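Here the structure comes first, spelled out in structure tokens, and everything after it is commentary.
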Amino acid sequence: MSDHHDAPSNPYLKKRRDSGETEKLTKRVQKIEQLLIDKGVVTKEALDRIIEIYETDIGPLNGSQVVAKAWADEDYKQRLKTDATKAIAELGFSGLQGEHMVVVENTPSVHNVVVCTLCSCYPWPVLGLPPKWYKEAPYRSRIVIEPREVLKEFGTNIPSATEIRVWDSSAEIRYMVLPQQPNYAKNMSEEELAKIVTRDSMIGVETL
Ligand code: FE
């Protein structure tokens with residue numbers, strides 16, 4: 001697991017982990033993992049599958065429900081934009097790494113994309129675990145410098161007239177993108193809407 005940078009004002013995170021501590025912790029986790037595998041308590045495949053489920057299924061499904069509700073219910077959307085943490089908790093999603101959520105809405109004139117330039121801060125309760133590329137240096141550095149180019153590499157072409165805003169998540173604030181509702185989805189039910197919302201659209205590297 002990656003470290004999460006903190007600001008001194010955050011009372012929950014009094015001290016920053018230095019890389020040496022992180023390394024020690026990583027080694028400890030690896031030893032415990034190996035011990036559990038050796039003792040036959042878990043298998044490597046099962047562990048990988050659990051991580052995969054959190055990366056691709058459980059987490060993002062929560063976020064999809066938030067987006068679908070915002071599309072279907074204008075009042076909810078306003079609550080989400082005013083106090084995302086509270087509005088997301090209305091659906092039962094809260095907890096670790098989601099204490100201070102901010103939702104940024106895509107419009108025809110503004111496209112939002114989220115990064116954590118320092119490490120990998122990410123809203124776990126709604127998006128699960130971050131994908132590998134989100135944690136890696138090329139995305140973290142380049143999305144800030146040349147967002148339009150990076151988005152193109154994801155297959156996402158943002159019209160030149162549309163402003164791109166890059167939001168830097170931290171331990172203090174975790175951002176999530178509210179994608180634009182596609183025209184073909186205007187008459188869908190909330191349940192159907194939730195099915196078309198992807199993880200990457202909520203990070204902002206994809207449009208729907
Ligand atoms: Fe971070």
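Before moving on, here are some points about what is shown:
- Search result, residues across the stretch 143-173 that are more than 16 Å from His111 (Cβ to Cβ) and either touching a helix residue (DSSP H, G or I) at 6+ places or on another chain (Cβ under 7 Å) or free of Cβ contacts under 8 Å to residues at least 40 places away in the same chain (or both): Ile145
- Test: residue in the stretch 84-93 that is farther than 19 Å from Val150 by Cα, more than 16 Å from the ligand (Cβ to nearest atom), in contact with a Ser or Thr (Cβ under 8 Å, 6 or more places away or on another chain) and among the hydroxyl-bearing types (Ser, Thr, Tyr): yes
- Answer residue from the stretch 127-146, given it is assigned to a helix (DSSP H, G or I) and over 23 Å from Asp48 (Cβ atoms) and is farthest from the ligand (Cβ to nearest atom) among those: Ile145
- Residues considered: Ala89, Ala68. Of these, the only one that is among the small types (Gly, Ala, Ser) and closer than 24 Å to Asn157 by Cα is Ala68.
- Within the stretch 107-126, the set of residues being within 16 Å of the ligand (Cβ to nearest atom), assigned to a strand (DSSP E or B) and over 9 Å from the mean Cα position of the chain (by Cα) comprises Val113 only.
- Considering the stretch 163-181, the residues that are under 19 Å from Val197 (Cα atoms) and of a type in the set (S, T, N, Q) include one that is farthest from the ligand (Cβ to nearest atom), namely Gln181.
- Residues that are of a type in the set (Phe, Trp, Tyr) and either surrounded by fewer than 18 Cβ atoms within 10 Å (Cβ to Cβ) or at pLDDT below 95 (or both), drawn from the stretch 30-75: Tyr54
- Looking only at residues of the stretch 171-190 that are assigned to a loop (DSSP other than H, G, I, E, B) and surrounded by fewer than 19 Cβ atoms within 10 Å (Cβ to Cβ), we find that the one that is nearest to the chain's Cα centre (by Cα) is Ile173.
The values are calculated or read from the model by the stated rules, or taken from the named source; none is laboratory data. Note that this is a predicted model, so its numbers are computed, not measured. Here Cβ is always computed from backbone atoms with ideal geometry, including for glycine, and neighbour counts include all displayed protein chains.
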